[in-house]
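Participant: Supplied in C-alpha coordinates, the structure appears directly below.
The values are calculated or read from the model by the stated rules, or taken from the named source; none is laboratory data. In this text, all values refer to a predicted model and were calculated from it rather than measured experimentally. Heads up, the Cβs are rebuilt from the backbone with ideal geometry, glycines too, and the neighbour counts pull from every protein chain shown. Just the protein is used for accessible areas: all its heavy atoms, side chains included, with ligands, DNA and RNA removed. Shrake-Rupley method; radii C 1.70, N 1.55, O 1.52, S 1.80 Å.
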Amino acid sequence: MASYLELDGISKKYGDKAILRKLNAAFDEGDLVAIVGPSGVGKTTLLRIIDRLEEPDSGEVSFRGEPYSRLSAKAVQKRIGMVFQNPVVFNASVFNNVAYSLRFRGVASEELKNRVLSILRLLKLDSLSERSALTLSGGEAQRVSLARAMVYSPELLLLDEPTANLDPHNVSIIEDALMECNRENRTTTIIVTHNIFQAKRIAKKVAFLLDGELIDYSAVEEFFSSPKDPRTTSFIKGDMVY
Amino acid sequence: MGGFEFLIDGFLKALQLISSGDPLIATITLLSLRVSVTATLLGAIFGIPTGFLIARKDFIGKSMITTVVNTAMGLPPVVVGLVIYLMLSSFGPLGFLKLLYTPEAMIIAQTVLTFPIACGITISVVMSLNPKLKETLVSLGAPGIWEALILLNESRLGLITAIITAFGGAISEVGAIMMVGGNLGGFTQALTTSIMLYTNMGDFDTAIALGIILLMIAFGVNLFLTLLQSRSKIKRTV
(Lines give C-alpha, C1' and ligand atoms only; values in the text may rest on other atoms or scores of the structure.)
Protein backbone atom coordinates (compact mmCIF):
# COMPACT_ATOMS: atom_id res chain seq x y z
CA MET A 1 0.00 0.00 0.00
CA ALA A 2 1.28 3.48 -0.87
CA SER A 3 2.42 5.72 1.97
CA TYR A 4 0.42 8.78 3.00
CA LEU A 5 3.20 11.02 1.73
CA GLU A 6 6.02 9.67 -0.36
CA LEU A 7 9.16 11.41 -1.59
CA ASP A 8 10.84 9.58 -4.42
CA GLY A 9 14.32 10.72 -5.49
CA ILE A 10 13.81 14.42 -4.79
CA SER A 11 16.70 16.59 -5.97
CA LYS A 12 16.99 20.36 -5.93
CA LYS A 13 19.82 22.74 -6.81
CA TYR A 14 20.18 26.48 -6.37
CA GLY A 15 22.75 27.46 -8.96
CA ASP A 16 25.56 24.94 -8.62
CA LYS A 17 24.74 24.12 -5.02
CA ALA A 18 22.86 20.87 -4.50
CA ILE A 19 20.34 21.35 -1.70
CA LEU A 20 18.56 17.99 -1.88
CA ARG A 21 20.17 14.86 -3.34
CA LYS A 22 17.85 12.09 -4.53
CA LEU A 23 16.01 12.11 -1.26
CA ASN A 24 13.60 9.25 -0.53
CA ALA A 25 11.23 9.17 2.42
CA ALA A 26 7.75 7.95 3.32
CA PHE A 27 5.40 9.34 5.96
CA ASP A 28 2.41 7.49 7.38
CA GLU A 29 -1.01 8.90 8.17
CA GLY A 30 -1.12 10.31 11.69
CA ASP A 31 2.66 10.65 11.93
CA LEU A 32 4.20 13.53 13.81
CA VAL A 33 7.67 13.71 12.30
CA ALA A 34 10.43 16.10 13.27
CA ILE A 35 13.03 16.81 10.60
CA VAL A 36 16.20 17.87 12.35
CA GLY A 37 19.58 18.93 11.10
CA PRO A 38 21.97 21.84 11.03
CA SER A 39 21.09 25.08 9.25
CA GLY A 40 21.30 25.11 5.47
CA VAL A 41 20.98 21.37 4.85
CA GLY A 42 17.73 21.57 2.88
CA LYS A 43 15.04 21.22 5.56
CA THR A 44 13.09 24.32 4.54
CA THR A 45 13.48 23.54 0.83
CA LEU A 46 12.04 20.08 1.45
CA LEU A 47 8.95 21.54 3.16
CA ARG A 48 8.51 24.09 0.39
CA ILE A 49 8.61 21.30 -2.20
CA ILE A 50 6.01 19.31 -0.26
CA ASP A 51 3.79 22.44 -0.13
CA ARG A 52 4.48 23.07 -3.84
CA LEU A 53 5.88 26.51 -3.23
CA GLU A 54 8.84 25.17 -5.19
CA GLU A 55 9.22 22.35 -7.68
CA PRO A 56 12.03 19.78 -7.45
CA ASP A 57 14.55 19.51 -10.29
CA SER A 58 13.87 15.77 -10.38
CA GLY A 59 11.93 13.19 -8.40
CA GLU A 60 8.28 12.94 -7.51
CA VAL A 61 6.14 13.63 -4.47
CA SER A 62 3.00 11.53 -4.01
CA PHE A 63 0.28 12.51 -1.58
CA ARG A 64 -2.25 9.85 -0.61
CA GLY A 65 -1.26 7.84 -3.67
CA GLU A 66 -1.57 10.74 -6.12
CA PRO A 67 1.64 12.01 -7.74
CA TYR A 68 2.03 15.79 -7.70
CA SER A 69 2.51 15.75 -11.47
CA ARG A 70 -1.19 14.92 -11.75
CA LEU A 71 -2.33 17.59 -9.27
CA SER A 72 -2.31 21.36 -9.59
CA ALA A 73 -0.27 23.33 -7.04
CA LYS A 74 -3.47 25.07 -5.90
CA ALA A 75 -5.22 21.74 -5.29
CA VAL A 76 -2.31 20.54 -3.14
CA GLN A 77 -2.05 23.78 -1.18
CA LYS A 78 -5.76 23.71 -0.36
CA ARG A 79 -5.24 20.38 1.41
CA ILE A 80 -2.00 21.25 3.20
CA GLY A 81 -1.36 23.70 6.03
CA MET A 82 1.98 25.49 6.22
CA VAL A 83 3.48 27.61 8.98
CA PHE A 84 6.60 29.63 8.21
CA GLN A 85 9.41 30.52 10.56
CA ASN A 86 8.64 34.24 10.44
CA PRO A 87 4.92 34.82 10.82
CA VAL A 88 3.14 37.13 8.41
CA VAL A 89 -0.22 38.41 9.59
CA PHE A 90 -2.75 40.37 7.60
CA ASN A 91 -3.98 43.88 8.43
CA ALA A 92 -7.17 42.58 10.08
CA SER A 93 -8.35 41.34 13.48
CA VAL A 94 -7.02 38.09 14.92
CA PHE A 95 -10.45 36.52 14.28
CA ASN A 96 -10.45 37.56 10.62
CA ASN A 97 -6.87 36.45 10.09
CA VAL A 98 -7.93 32.94 11.07
CA ALA A 99 -11.35 33.14 9.41
CA TYR A 100 -9.81 33.94 6.01
CA SER A 101 -8.66 30.30 5.67
CA LEU A 102 -12.26 29.11 6.00
CA ARG A 103 -13.68 31.87 3.78
CA PHE A 104 -11.26 30.73 1.06
CA ARG A 105 -12.99 27.34 1.31
CA GLY A 106 -16.54 28.71 1.34
CA VAL A 107 -17.34 27.62 4.91
CA ALA A 108 -20.71 29.02 6.08
CA SER A 109 -20.71 31.80 8.68
CA GLU A 110 -22.07 29.91 11.71
CA GLU A 111 -19.71 26.97 11.26
CA LEU A 112 -16.91 29.40 10.48
CA LYS A 113 -17.43 31.25 13.76
CA ASN A 114 -17.49 28.06 15.81
CA ARG A 115 -14.37 26.65 14.19
CA VAL A 116 -12.41 29.89 14.50
CA LEU A 117 -13.34 30.35 18.17
CA SER A 118 -12.45 26.74 18.90
CA ILE A 119 -8.98 27.02 17.35
CA LEU A 120 -8.41 30.39 19.04
CA ARG A 121 -9.16 28.74 22.39
CA LEU A 122 -6.75 25.90 21.63
CA LEU A 123 -3.98 28.41 20.96
CA LYS A 124 -5.01 30.66 23.86
CA LEU A 125 -5.83 33.54 21.55
CA ASP A 126 -9.52 33.87 22.40
CA SER A 127 -9.01 36.99 24.51
CA LEU A 128 -7.21 38.66 21.57
CA SER A 129 -9.89 37.78 19.03
CA GLU A 130 -10.90 41.37 18.18
CA ARG A 131 -7.43 42.87 18.35
CA SER A 132 -5.59 43.95 15.21
CA ALA A 133 -3.13 41.22 14.33
CA LEU A 134 -0.56 43.90 13.51
CA THR A 135 -0.30 44.81 17.20
CA LEU A 136 0.57 41.29 18.38
CA SER A 137 3.91 40.15 19.75
CA GLY A 138 6.02 37.75 17.66
CA GLY A 139 4.84 34.76 19.69
CA GLU A 140 1.18 35.72 19.42
CA ALA A 141 1.55 36.31 15.69
CA GLN A 142 3.09 32.87 15.26
CA ARG A 143 0.14 31.36 17.17
CA VAL A 144 -2.21 33.19 14.78
CA SER A 145 -0.38 31.78 11.77
CA LEU A 146 -0.61 28.29 13.29
CA ALA A 147 -4.34 28.77 14.00
CA ARG A 148 -4.80 29.93 10.41
CA ALA A 149 -3.18 26.74 9.10
CA MET A 150 -4.95 24.40 11.53
CA VAL A 151 -8.49 25.82 11.36
CA TYR A 152 -9.36 24.12 8.07
CA SER A 153 -8.19 20.71 9.33
CA PRO A 154 -5.50 20.19 6.70
CA GLU A 155 -4.69 16.66 5.61
CA LEU A 156 -1.03 17.46 6.22
CA LEU A 157 0.45 20.15 8.45
CA LEU A 158 3.93 21.48 7.68
CA LEU A 159 5.85 23.68 10.10
CA ASP A 160 9.15 25.36 9.38
CA GLU A 161 10.92 26.19 12.63
CA PRO A 162 7.68 27.54 14.11
CA THR A 163 9.13 28.20 17.55
CA ALA A 164 12.55 29.56 16.64
CA ASN A 165 13.24 32.67 18.73
CA LEU A 166 10.03 32.33 20.79
CA ASP A 167 9.84 32.43 24.57
CA PRO A 168 9.13 29.20 26.51
CA HIS A 169 5.48 30.17 27.15
CA ASN A 170 4.69 30.50 23.45
CA VAL A 171 6.74 27.40 22.62
CA SER A 172 4.74 25.41 25.15
CA ILE A 173 1.37 26.60 23.79
CA ILE A 174 2.38 25.75 20.22
CA GLU A 175 3.80 22.33 21.09
CA ASP A 176 0.71 21.43 23.15
CA ALA A 177 -1.59 22.47 20.29
CA LEU A 178 0.39 20.42 17.77
CA MET A 179 0.36 17.32 19.93
CA GLU A 180 -3.35 17.67 20.71
CA CYS A 181 -4.19 18.15 17.05
CA ASN A 182 -2.15 15.09 16.13
CA ARG A 183 -3.64 13.01 18.94
CA GLU A 184 -7.30 14.04 18.55
CA ASN A 185 -7.57 14.52 14.78
CA ARG A 186 -4.69 12.31 13.65
CA THR A 187 -3.35 15.27 11.68
CA THR A 188 -0.21 14.15 9.90
CA THR A 189 2.42 16.69 10.89
CA ILE A 190 5.96 17.40 9.73
CA ILE A 191 7.91 19.92 11.75
CA VAL A 192 11.33 21.21 10.80
CA THR A 193 13.42 22.14 13.80
CA HIS A 194 17.06 22.40 14.70
CA ASN A 195 16.11 21.91 18.32
CA ILE A 196 16.60 18.21 19.12
CA PHE A 197 14.99 18.67 22.53
CA GLN A 198 11.81 19.86 20.84
CA ALA A 199 11.93 16.84 18.52
CA LYS A 200 12.28 14.58 21.56
CA ARG A 201 9.37 16.29 23.35
CA ILE A 202 6.76 16.18 20.63
CA ALA A 203 7.66 13.89 17.71
CA LYS A 204 6.76 10.26 17.13
CA LYS A 205 9.49 9.89 14.52
CA VAL A 206 12.63 11.87 13.78
CA ALA A 207 14.40 12.33 10.46
CA PHE A 208 17.98 13.64 10.34
CA LEU A 209 18.86 15.60 7.22
CA LEU A 210 22.45 16.46 6.36
CA ASP A 211 23.71 18.02 3.13
CA GLY A 212 20.51 17.20 1.29
CA GLU A 213 20.48 13.53 2.26
CA LEU A 214 18.33 11.68 4.74
CA ILE A 215 20.89 10.15 7.10
CA ASP A 216 18.57 8.65 9.69
CA TYR A 217 14.81 8.23 10.03
CA SER A 218 13.34 6.25 12.87
CA ALA A 219 10.97 6.25 15.85
CA VAL A 220 11.87 8.92 18.38
CA GLU A 221 13.08 6.52 21.11
CA GLU A 222 15.25 4.60 18.67
CA PHE A 223 16.60 7.79 17.11
CA PHE A 224 17.92 9.04 20.40
CA SER A 225 18.84 5.73 22.08
CA SER A 226 20.44 3.86 19.18
CA PRO A 227 21.15 6.06 16.17
CA LYS A 228 21.95 4.16 12.99
CA ASP A 229 24.64 6.52 11.73
CA PRO A 230 27.67 7.98 13.53
CA ARG A 231 26.79 11.41 12.10
CA THR A 232 23.43 11.22 13.90
CA THR A 233 25.23 10.43 17.14
CA SER A 234 27.55 13.34 16.57
CA PHE A 235 24.61 15.69 15.91
CA ILE A 236 22.67 14.53 18.97
CA LYS A 237 25.70 14.95 21.20
CA GLY A 238 26.30 18.42 19.81
CA ASP A 239 29.75 17.46 18.54
CA MET A 240 28.98 18.09 14.91
CA VAL A 241 30.92 20.96 13.42
CA TYR A 242 29.10 22.67 10.56
CA MET B 1 -3.64 102.03 -4.10
CA GLY B 2 -0.40 100.18 -3.20
CA GLY B 3 0.34 96.60 -4.25
CA PHE B 4 -0.48 95.01 -0.91
CA GLU B 5 -3.63 97.09 -0.35
CA PHE B 6 -4.78 96.05 -3.79
CA LEU B 7 -4.29 92.41 -2.90
CA ILE B 8 -5.96 92.73 0.51
CA ASP B 9 -8.90 94.62 -1.00
CA GLY B 10 -9.28 91.92 -3.65
CA PHE B 11 -9.10 89.23 -0.98
CA LEU B 12 -11.82 90.89 1.15
CA LYS B 13 -14.11 91.36 -1.83
CA ALA B 14 -13.51 87.75 -2.77
CA LEU B 15 -14.58 86.62 0.71
CA GLN B 16 -17.74 88.71 0.34
CA LEU B 17 -18.47 87.05 -2.99
CA ILE B 18 -18.03 83.59 -1.49
CA SER B 19 -20.12 84.32 1.61
CA SER B 20 -22.91 85.87 -0.47
CA GLY B 21 -23.34 82.53 -2.28
CA ASP B 22 -22.81 84.10 -5.70
CA PRO B 23 -24.62 81.76 -8.17
CA LEU B 24 -21.90 82.05 -10.83
CA ILE B 25 -19.19 80.99 -8.38
CA ALA B 26 -21.39 78.16 -7.11
CA THR B 27 -21.98 76.88 -10.66
CA ILE B 28 -18.28 76.99 -11.51
CA THR B 29 -17.33 75.25 -8.26
CA LEU B 30 -19.91 72.50 -8.66
CA LEU B 31 -18.84 71.81 -12.24
CA SER B 32 -15.18 71.61 -11.22
CA LEU B 33 -16.03 69.18 -8.44
CA ARG B 34 -18.24 67.07 -10.69
CA VAL B 35 -15.59 66.82 -13.41
CA SER B 36 -12.58 66.18 -11.18
CA VAL B 37 -14.28 63.81 -8.71
CA THR B 38 -15.73 61.74 -11.58
CA ALA B 39 -12.38 61.69 -13.40
CA THR B 40 -10.58 60.65 -10.19
CA LEU B 41 -13.08 57.85 -9.55
CA LEU B 42 -12.85 56.61 -13.13
CA GLY B 43 -9.06 56.83 -13.04
CA ALA B 44 -9.02 54.83 -9.80
CA ILE B 45 -11.60 52.26 -10.95
CA PHE B 46 -9.55 51.46 -14.05
CA GLY B 47 -6.08 52.38 -12.84
CA ILE B 48 -5.94 50.47 -9.54
CA PRO B 49 -6.89 47.03 -10.94
CA THR B 50 -4.64 47.58 -13.97
CA GLY B 51 -1.75 48.57 -11.72
CA PHE B 52 -2.40 45.56 -9.50
CA LEU B 53 -2.31 43.17 -12.45
CA ILE B 54 0.87 44.70 -13.84
CA ALA B 55 2.51 44.46 -10.41
CA ARG B 56 1.45 40.87 -9.67
CA LYS B 57 1.90 39.17 -13.02
CA ASP B 58 5.19 38.34 -14.66
CA PHE B 59 5.13 38.86 -18.41
CA ILE B 60 7.40 39.90 -21.24
CA GLY B 61 7.53 43.68 -21.53
CA LYS B 62 6.52 44.33 -17.92
CA SER B 63 9.41 46.78 -17.38
CA MET B 64 8.54 48.60 -20.58
CA ILE B 65 4.86 48.93 -19.66
CA THR B 66 5.77 50.11 -16.16
CA THR B 67 8.09 52.73 -17.67
CA VAL B 68 5.35 53.89 -20.04
CA VAL B 69 2.85 54.19 -17.15
CA ASN B 70 5.37 56.07 -15.00
CA THR B 71 6.10 58.44 -17.87
CA ALA B 72 2.39 58.97 -18.43
CA MET B 73 2.06 60.07 -14.78
CA GLY B 74 3.67 63.31 -15.89
CA LEU B 75 1.67 63.78 -19.10
CA PRO B 76 1.37 67.49 -19.97
CA PRO B 77 -2.36 68.30 -19.63
CA VAL B 78 -2.30 70.55 -22.66
CA VAL B 79 -1.03 67.66 -24.83
CA VAL B 80 -3.76 65.39 -23.46
CA GLY B 81 -6.23 68.18 -24.23
CA LEU B 82 -4.94 68.41 -27.79
CA VAL B 83 -5.23 64.66 -28.40
CA ILE B 84 -8.73 64.43 -26.91
CA TYR B 85 -9.71 67.55 -28.88
CA LEU B 86 -8.56 65.92 -32.12
CA MET B 87 -10.38 62.70 -31.25
CA LEU B 88 -13.66 64.46 -30.40
CA SER B 89 -13.63 67.22 -33.00
CA SER B 90 -16.09 66.94 -35.85
CA PHE B 91 -13.36 65.58 -38.16
CA GLY B 92 -11.94 63.17 -35.53
CA PRO B 93 -12.73 59.45 -35.13
CA LEU B 94 -15.07 60.11 -32.20
CA GLY B 95 -16.59 63.28 -33.60
CA PHE B 96 -19.95 61.56 -34.06
CA LEU B 97 -20.33 61.48 -30.26
CA LYS B 98 -20.62 65.30 -30.28
CA LEU B 99 -18.91 65.57 -26.91
CA LEU B 100 -16.50 68.42 -27.64
CA TYR B 101 -17.08 71.44 -25.38
CA THR B 102 -19.15 69.45 -22.89
CA PRO B 103 -18.42 68.51 -19.26
CA GLU B 104 -18.19 64.88 -20.46
CA ALA B 105 -15.25 65.80 -22.71
CA MET B 106 -13.60 67.43 -19.69
CA ILE B 107 -14.13 64.24 -17.67
CA ILE B 108 -12.60 62.14 -20.44
CA ALA B 109 -9.55 64.42 -20.64
CA GLN B 110 -9.01 64.40 -16.89
CA THR B 111 -9.50 60.62 -16.71
CA VAL B 112 -6.65 60.25 -19.19
CA LEU B 113 -4.57 62.22 -16.68
CA THR B 114 -5.74 60.42 -13.51
CA PHE B 115 -5.54 56.86 -14.89
CA PRO B 116 -1.72 56.66 -15.15
CA ILE B 117 -1.35 58.32 -11.74
CA ALA B 118 -3.61 55.73 -10.06
CA CYS B 119 -2.08 52.90 -12.08
CA GLY B 120 1.56 53.93 -11.57
CA ILE B 121 1.29 54.45 -7.82
CA THR B 122 -0.59 51.13 -7.46
CA ILE B 123 2.19 49.31 -9.33
CA SER B 124 4.78 50.80 -7.01
CA VAL B 125 2.77 50.13 -3.82
CA VAL B 126 1.85 46.53 -4.67
CA MET B 127 5.37 45.68 -5.83
CA SER B 128 6.77 46.91 -2.54
CA LEU B 129 4.51 44.66 -0.44
CA ASN B 130 6.26 42.02 1.65
CA PRO B 131 6.60 39.02 -0.74
CA LYS B 132 5.87 36.73 2.20
CA LEU B 133 2.27 38.04 2.19
CA LYS B 134 1.67 36.58 -1.25
CA GLU B 135 3.42 33.32 -0.34
CA THR B 136 1.34 33.00 2.82
CA LEU B 137 -1.85 33.47 0.81
CA VAL B 138 -0.72 30.88 -1.74
CA SER B 139 0.11 28.36 0.97
CA LEU B 140 -3.31 28.94 2.56
CA GLY B 141 -4.91 28.04 -0.76
CA ALA B 142 -6.46 31.51 -1.30
CA PRO B 143 -8.43 31.77 -4.56
CA GLY B 144 -7.20 34.52 -6.93
CA ILE B 145 -9.95 37.01 -6.10
CA TRP B 146 -9.35 36.69 -2.34
CA GLU B 147 -5.63 37.03 -2.89
CA ALA B 148 -6.20 40.28 -4.83
CA LEU B 149 -8.64 41.69 -2.25
CA ILE B 150 -6.34 40.98 0.68
CA LEU B 151 -3.25 42.35 -1.06
CA LEU B 152 -5.17 45.51 -2.06
CA ASN B 153 -6.32 45.87 1.54
CA GLU B 154 -2.68 45.58 2.65
CA SER B 155 -1.85 48.35 0.15
CA ARG B 156 -4.66 50.66 1.20
CA LEU B 157 -2.47 53.47 2.58
CA GLY B 158 -0.66 53.67 -0.73
CA LEU B 159 -3.91 53.48 -2.67
CA ILE B 160 -5.29 56.46 -0.74
CA THR B 161 -2.12 58.32 -1.70
CA ALA B 162 -2.80 57.38 -5.33
CA ILE B 163 -6.31 58.83 -5.11
CA ILE B 164 -5.11 62.01 -3.37
CA THR B 165 -2.45 62.55 -6.03
CA ALA B 166 -4.86 61.83 -8.90
CA PHE B 167 -7.47 64.25 -7.53
CA GLY B 168 -4.82 66.91 -6.91
CA GLY B 169 -3.67 66.58 -10.50
CA ALA B 170 -7.22 66.76 -11.86
CA ILE B 171 -8.60 69.68 -9.85
CA SER B 172 -5.57 71.87 -10.48
CA GLU B 173 -4.98 71.29 -14.19
CA VAL B 174 -6.10 73.83 -16.70
CA GLY B 175 -4.71 72.91 -20.12
CA ALA B 176 -6.77 69.80 -20.89
CA ILE B 177 -10.18 71.08 -19.82
CA MET B 178 -9.59 74.43 -21.44
CA MET B 179 -9.00 72.74 -24.80
CA VAL B 180 -11.86 70.24 -24.72
CA GLY B 181 -14.32 72.20 -22.56
CA GLY B 182 -13.84 75.60 -24.15
CA ASN B 183 -14.58 77.48 -20.90
CA LEU B 184 -18.16 78.23 -21.96
CA GLY B 185 -19.91 80.43 -19.41
CA GLY B 186 -22.30 78.54 -17.15
CA PHE B 187 -21.64 75.27 -18.99
CA THR B 188 -17.97 74.23 -19.08
CA GLN B 189 -16.38 76.88 -16.90
CA ALA B 190 -14.24 75.22 -14.23
CA LEU B 191 -12.35 76.86 -11.38
CA THR B 192 -8.94 76.86 -13.05
CA THR B 193 -10.13 77.99 -16.47
CA SER B 194 -12.31 80.68 -14.88
CA ILE B 195 -9.39 82.04 -12.85
CA MET B 196 -7.52 82.52 -16.11
CA LEU B 197 -10.52 84.11 -17.79
CA TYR B 198 -11.34 86.57 -14.98
CA THR B 199 -7.68 87.50 -14.56
CA ASN B 200 -7.45 88.32 -18.25
CA MET B 201 -10.69 90.37 -17.94
CA GLY B 202 -9.24 92.30 -14.98
CA ASP B 203 -11.93 90.98 -12.59
CA PHE B 204 -9.45 90.13 -9.87
CA ASP B 205 -12.05 89.87 -7.07
CA THR B 206 -13.77 86.96 -8.79
CA ALA B 207 -10.44 85.40 -9.80
CA ILE B 208 -9.18 85.56 -6.20
CA ALA B 209 -12.50 84.19 -4.88
CA LEU B 210 -12.24 81.22 -7.26
CA GLY B 211 -8.60 80.73 -6.28
CA ILE B 212 -9.53 80.61 -2.59
CA ILE B 213 -12.25 78.05 -3.31
CA LEU B 214 -9.83 75.94 -5.36
CA LEU B 215 -7.32 75.94 -2.51
CA MET B 216 -10.05 75.14 0.04
CA ILE B 217 -11.28 72.18 -2.03
CA ALA B 218 -7.76 70.85 -2.51
CA PHE B 219 -7.07 71.27 1.19
CA GLY B 220 -10.42 69.78 2.28
CA VAL B 221 -10.14 66.69 0.10
CA ASN B 222 -6.54 66.11 1.12
CA LEU B 223 -7.44 66.58 4.79
CA PHE B 224 -10.25 64.03 4.50
CA LEU B 225 -8.07 61.47 2.75
CA THR B 226 -5.14 62.07 5.09
CA LEU B 227 -7.43 61.47 8.08
CA LEU B 228 -8.56 58.27 6.39
CA GLN B 229 -4.90 57.27 6.00
CA SER B 230 -4.19 57.99 9.65
CA ARG B 231 -7.10 55.81 10.72
CA SER B 232 -5.82 52.95 8.58
CA LYS B 233 -2.31 53.28 9.90
CA ILE B 234 -1.64 50.99 12.82
CA LYS B 235 1.74 50.69 14.37
CA ARG B 236 3.30 47.48 13.11
CA THR B 237 4.92 45.52 15.85
CA VAL B 238 5.29 42.23 13.97
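Participant: Using a Cα-Cα cut-off of under 16 Å, which aspartates and glutamates could be cross-linked to B:Lys57, ignoring same-chain neighbours fewer than 8 residues away?
Facilitator: Of all the aspartates and glutamates, those that pass the test against B:Lys57 - Cα under 16 Å, at least 8 places apart if same chain - are B:Glu135, B:Glu147.
Participant: At a probe radius of 1.4 Å, figure out the B/A buried accessible area, summed over both chains, and give it in Å² to the nearest 100.
Facilitator: Rounded to the nearest hundred, the buried surface is 2300 Å².
Participant: Please compute the average number of Cβ atoms from other chains found within 10 Å of each residue's Cβ in peptide B:140-147.
Facilitator: 6
Participant: Step by step: find N for segment A:5-237, compute 2.2 N^0.38 Å, then divide the Cα radius of gyration by it. What's the final number?
Facilitator: Normalised Rg, Cα atoms only: 1.01.
Participant: Keeping the other protein chains in place, figure out the carbon and sulfur percent of the accessible area of segment A:1-153, with a 1.4 Å probe.
Facilitator: Looking at segment A:1-153 in its full context, I get 46 percent from C and S.
Participant: Here's another thing I want to ask about it. Let me know the Kirkwood hydrodynamic radius for segment A:120-242, please, with Cα pairs as the basis and the value in Å to one decimal.
Facilitator: Taking every pair of different Cα atoms in segment A:120-242, averaging 1/r and inverting gives 15.8 Å.
Participant: Next question. Can you pull out the trypsin sites (Lys or Arg not before Pro) in segment B:34-134 that DSSP calls coil and that have at most 13 other Cβ atoms within 10 Å?
Facilitator: B:Lys57, B:Lys98
Participant: Once the Cα gyration tensor of the protein assembly as shown is diagonalised, what are the square roots of 5 times its eigenvalues, in whole Å and ordered largest first, as equivalent ellipsoid semi-axes?
Facilitator: Equivalent-ellipsoid dimensions as semi-axes: 62, 24, 19 Å.
Participant: Specify the angular offset, from 0 to 90 degrees and rounded to the nearest 10, of the alpha carbon long axis of helix B:156-172 from the longest principal axis of the alpha carbons in chain B.
Facilitator: For B:156-172 against chain B, the angle is about 20 degrees.
Participant: Quick one: grab Rg to one decimal and Dmax as a whole number for segment A:51-133, Cα atoms only, in Å.
Facilitator: Here Rg and the maximum Cα pair distance are 16.0, 47 Å.
Participant: Is the shape of chain B rounded, prolate or oblate, going by the alpha carbon gyration tensor and its root eigenvalues a ≥ b ≥ c, with a/c under 1.5 for rounded and a/b larger than b/c for prolate?
Facilitator: Oblate.
Participant: Looking at segment A:53-68, which residues lose a minimum of 20 Å² of accessible area between their chain alone and all protein chains in place, measuring with a 1.4 Å probe and not counting ligands or nucleic acids?
Facilitator: A:Leu53
Participant: Which residues among segment A:17-48 fall inside the zone where the amide N is under 18 Å from a point 7 Å beyond the Cα of A:Ser234, along Cα→Cβ?
Facilitator: Under 18 Å, as judged by backbone N against the label point of A:Ser234, lie A:36-42 of segment A:17-48.
Participant: Given the options B:Leu149, B:Phe219, B:Ser90, identify the residue whose Cα lies farthest towards the positive end of the charge dipole of the protein assembly as shown (+1 on Cβ of Lys, Arg; -1 on Cβ of Asp, Glu).
Facilitator: Highest projection toward the positive end goes to B:Leu149.
Participant: Right, next: Given labels modelled 7 Å from the Cα in the Cβ direction, how far is it in nm from B:Ser90 to A:Ser127?
Facilitator: 7.9
Participant: Please compute, for peptide A:83-90, the average count of beta-carbon atoms on other protein chains lying within 10 Å of each residue's beta-carbon.
Facilitator: Taking all residues of A:83-90 together, the mean is 4.
Participant: What are the GluC sites (Glu not before Pro) within segment A:27-133 that DSSP puts in a loop, where the Cβ has at most 11 other Cβ atoms within 10 Å?
Facilitator: Filter output for segment A:27-133: A:Glu130.
Participant: What FRET efficiency would be calculated for the residue pair B:Phe4, A:Asp167, taking the C-beta separation as r and a Förster radius of 56 Å, to the nearest 0.05?
Facilitator: Approximately 0.25, to the nearest 0.05.
Participant: What angle do you read, to the nearest 10 degrees and between 0 and 90, between the alpha-carbon axis of helix B:144-154 and the longest principal axis of chain B?
Facilitator: Rounded to the nearest ten degrees, it is 60.
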